[in-house]
Amino acid sequence: MEKLICIGNGMAGMRTLEELLKVAPDKYEITVFGAEPHPNYNRIMLSPVLAGEKRVDDIILNDAQWYKDQWITLYTSEKITTIDRVKRQVISDKGTAVKYDRLLIATGSTPFIIPVPGHHLPGVIGFRDIADVETMLATSKTGKHAVVIGGGLLGLEAANGLLKQGMDVTVVHLMDSLLERQLDKPAAALLKRFLEQRGLNFLMAAQTEAILSTTPLTSSEQVKVRGVRFKSGLEIPADLVVMAVGIRPNFELAKSAGLHCERGLVVNDTLQTYDPRIYAVGECVQHRGTTYGLVAPLFEQAKVCANHLAGYGFASYKGSQVATKLKVTGVDLFSAGNFNGGEGCEEIIFQDPAAGIYKKLVIKNNHIEGAVLYGDTVDGSWYFDLMRDGTDISALRDHLLFGQAHLGNAGHGDSRIAVLSNDAEVCGCNGVCKGDIIKAITDKGLFTLEEVRAHTKASSSCGSCTGLVEQILASTVGNYSPTPKDKPLCGCTEHTHEQVQRAIKDQHLTSVAAVIQSLNWKNPDGCASCRPALNYYLIATWPDKVKDDPQSRFINERVHANIQKDGTYSVVPRMWGGLTNPKELRAIADVVDKFKIPEVKITGGQRIDLFGVKKEDLPAVWADLNAAGMVSGHAYGKALRTVKTCAGSNWCRFGTQDSTGMGVKLEKMTWGSWTPHKFKMAVSGCPRNCAEATIKDFGVVAVDSGWELHVGGNGGIKVRVTDLLCKVKTQAEVLEYCGAFMQLYREQAKYLERTAPWIERVGLEFVKQHIVEDEAGRKTLHERFLASQQYAQDDPWAQRASQGVAAHEFSPLQTLEVA
Amino acid sequence: MSRLDIGVLNDIPRLGARVVQTEKGRIAVFRTRDDQVFAVHDTCPHKGGPLSQGMVSGTTVVCPLHNWKIDLNSGQAQAPDVGCAHTFVIEQVNGRLLLNL
């Protein structure tokens, strides 16, 4: 077994080990050295401990038992003083020497102490570890005056905590505006006013000259701090001085071992230092010229580093975008990106000083560059997502400042998480309340959305409450940053959807097994998430070559019917454009009688649904429906579902075009096609829009002069009205634009991404460029769509009802009793 | 205890399952990629979903109703979910699959 040593028992180092143990539990014999006497704790929660809102025990992440359970040797209160790279061993201040094959440096950072006279005095501290908090709490019991030097995030959190402990606190800041790295001046002014009302004192633009000491009367009395003097000559009393002017990456040890350091210990995209056996993560490192002091980047680094320590060698860290929040109870503050604007930037601002609300978005070329929110931060994670994904916001611009809820989020009411009571339901699908989520986060030490999903089920079904759950995470664990959007396809791989799609095309991969092998999946079978995605990408990329893999289909698509809660199935035959006739209706009635089907229902898509069909009966039911000319309606698939129509000009006195006929033609062209997610269409015969075409993936509305084409609508979880793509004149054009649009969606979207979020991600302009402006491109897309339809338009019901396909699916095994 | 001959390995698709109707109810018989065979009561401990209809990966099946992951060896639900489906002994003898009830 190889030996791995981790220097530093903090969040970054232990997170890396946790990630490593997840993927390669038996690869290393692990030793951890920590300079502090404590096991690993959540350093970002020191502020609530100081403020008396949490106890030290509450913020322990891995207790001593955890190290035992993982067979990790832990040395606490031992500081490594030497790294001997030749002998490959480390030596501690207590003389312990341990050899390594791989070394992980996670020594974090130390507070920067301004070297003014008096900075060594007892009572002058930083705000970094449990010992600092203990000093502060002890001083607050005897002393009265505290001075916090530094009006940044950490300084304000320290000041708030000391105020709560009953001290008279003055915050000293060198600049004339608080949090100048996170806030613009108007927001900083609001924050300052709020904190002053709470009782904090501020000295702005003040430069500290010296820290003053007491003059002891007897030789046994200890010298300690008594005050602070500024350049202006002003002196104020102090029993405690907290320096919170910044942190310095801790890299002296690494430097003394000859590792290349600049402003931090320099690492590459695999978190390796200049010595390939030595890795480093966390606040001590410098990556692509940047050092980080927040937790989210450390976790991203940990994941990548673990991947390489485990020997997989394919993950890469490309730096993090960070958003910040202030952990002062009662203050809602969010900031990200470039919030001061600059050349070519525009600003959208909302200001309500009386209510204490200020929001500013910085926009450049229709993309969010930065955001500052004060007083109402509900939409912070949404803006951050839009910014990080580079989403084109031109379509959202009118509503952007009013927040995501304003875009329409049916059924979730007030999304202001802070005002929700603990018994308020957050996840409507699984009945999970805010209190359940907070309890799971605190009891189980959860940090990520995925962990909350696994433990509470919140946001694990329809996903519409994801934003709320992320806000609860953010307010409960402090510095939380939403899940990276560039995330892997699933837990089996580090590759993203786009990378997998590209590999299938570039490397001519034509089976699920080939993808899994060639892209080094961790799990040789893949999982229930990735296999259907891979199968879809394969079929969409190589319709003529790839054989469908039934074991990579979710049950509904494998047996071409919808599984119901009691294990029976529902059957929906196709009714072209919503039209039916006596022959079809008689056949359906006969099937219902013959197979004693318990319930018959009209669907929202103008078809008939037969509920409660036994699996064994499915082929016979289909045979009877086939005999009357009906085929599968694909109501079970990530596929073309229905084309809903109104009566149109054949009957309706208002109809301007034959919408029913148009719908039938569209459905005949597109049925049977597999898409990244379900795909619904509708055709209305006039702008009264009785077929509700403007909440469909592809909606057609007839007008007197032709047809309006609308795309990207959704009537489900989150109602989204379509965007108008363009207007065309003839039915042939409607068909061509429709085929081209579907093909673009099929080729570009991620599996399980509906057209609505896809269009929001890539922007309507992108779709217009390909479908409207580029005539040749549109025709090619349409041709590719038709080409793949040659292979798709073979009724799967007929295959199973009369051609013997997948017979084993529908019959139980025969048994014979043996002795 | 009774013993049933339920057929041969190739009656079951790889990474798939078949169902056997028995006096003890419906039993799902799974086949993994490396041709191991498992027999589990065809009822998810969560809401009774038919496990035989789920997707198999390694020695785990995912229930088609609410995505609980059930270990085929033990019948135990994967943490943090809690529950257990009954398992049965199944053997491969001279190419025949024998299920012990």
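Filtering B:79, B:39 for residues that are modelled with pLDDT of 95 or more and among the hydrophobic types (A, V, I, L, M, F, W, C) leaves a single hit, B:39. Once the range A:94-108 is narrowed to residues that are assigned to a strand (DSSP E or B) and touching a residue at least 40 places away in the same chain (Cβ under 8 Å), the residue that is nearest to residue A:264 (Cα to Cα) is A:105.
Candidates in the range A:58-83 are the residues that are without any contact (Cβ under 8 Å) to a residue 24 or more places away in the chain and charged (D, E, K, R); of these, the one that is farthest from residue A:107 (Cα to Cα) is A:69. Within the range A:798-819, the set of residues being within 10 Å of chain B (Cβ to nearest Cβ) and on the phi < 0 side of the Ramachandran plot comprises A:808, A:809, A:811, A:812, A:813, A:814, A:815, A:816, A:817, A:818, A:819. Kindly evaluate residue A:741 against the criterion of being touching a residue at least 12 places away in the same chain (Cβ under 8 Å) and within 14 Å of chain B (Cβ to nearest Cβ). The answer is no for residue A:741.
Using the structure shown, decide if residue A:760 is over 30 Å from residue B:1 (Cβ atoms) and either modelled with pLDDT of 95 or more or within 14 Å of chain B (Cβ to nearest Cβ) (or both).
no
Tallying residues that are within 13 Å of chain B (Cβ to nearest Cβ) and at pLDDT 95 or above within the range A:567-599 yields 2. Candidates in the range B:14-27 are the residues that are touching a His at 6+ places or on another chain (Cβ under 7 Å) and crowded, with 16+ Cβ neighbours inside 10 Å; of these, the one that is nearest to the other protein chains (Cβ to nearest Cβ) is B:18.
I'd like the residue in the range A:537-562 that is more than 14 Å from chain B (Cβ to nearest Cβ) and touching a Lys or Arg at 6+ places or on another chain (Cβ under 8 Å) and, out of all such residues, is farthest from residue B:67 (Cα to Cα). Residue satisfying both the conditions and the ranking: A:541. Mind listing just one residue for me: the one in the range A:397-426 that is assigned to a loop (DSSP other than H, G, I, E, B) and acidic (Asp, Glu) and, of those, modelled with the lowest pLDDT? Per the stated criteria, the residue is A:414.
Residues in the range A:109-152 that are of a type in the set (Gly, Ala, Ser), in a loop (DSSP other than H, G, I, E, B) and closer than 26 Å to residue A:180 by Cα: A:126, A:150, A:151, A:152. In the range B:28-60, the qualifying residues are those that are of a type in the set (Val, Ile, Thr), outside any loop (DSSP other than H, G, I, E, B) and more than 9 Å from chain A (Cβ to nearest Cβ), and the one that is farthest from residue A:430 (Cα to Cα) is B:37. If you go through the range A:273-299 and keep only what is surrounded by 19 or more Cβ atoms within 10 Å (Cβ to Cβ) and over 22 Å from residue A:154 (Cα atoms), you end up with A:273, A:278, A:279, A:280, A:287. For residue A:619, the conditions (1) within 14 Å of chain B (Cβ to nearest Cβ); (2) touching a Lys or Arg at 6+ places or on another chain (Cβ under 8 Å); (3) part of a helix (DSSP H, G or I) are fulfilled apart from (1).
Taken as a whole, the structure places residue A:612 among residues that are within 45 Å of the chain's Cα centre (by Cα) and in contact (Cβ under 8 Å) with a residue 40 or more places away in the chain.
Residue check: residue A:291 meets all listed conditions (1) of a type in the set (Ser, Thr, Tyr); (2) within 20 Å of residue A:126 (Cβ to Cβ); (3) modelled with pLDDT of 95 or more but one, namely (3).
Being closer than 19 Å to residue A:640 by Cα, surrounded by fewer than 19 Cβ atoms within 10 Å (Cβ to Cβ) and not assigned by TED's automatic domain parsing to the domain that holds residue A:506 is a description that applies to residue A:757. Of all residues in the range B:61-76, those that are more than 8 Å from chain A (Cβ to nearest Cβ) and buried (at least 20 other Cβ atoms within 10 Å of the Cβ) total 5. Among residues of the range B:1-13 being part of a loop (DSSP other than H, G, I, E, B) and facing chain A (nearest Cβ under 7 Å), the one that is surrounded by the most Cβ atoms within 10 Å (Cβ to Cβ) is B:13.
The values are calculated or read from the model by the stated rules, or taken from the named source; none is laboratory data. Note that this is a predicted model, so its numbers are computed, not measured. With ideal geometry, Cβ positions are generated from the backbone for all residues, glycine too; neighbour counts draw on all protein chains shown.
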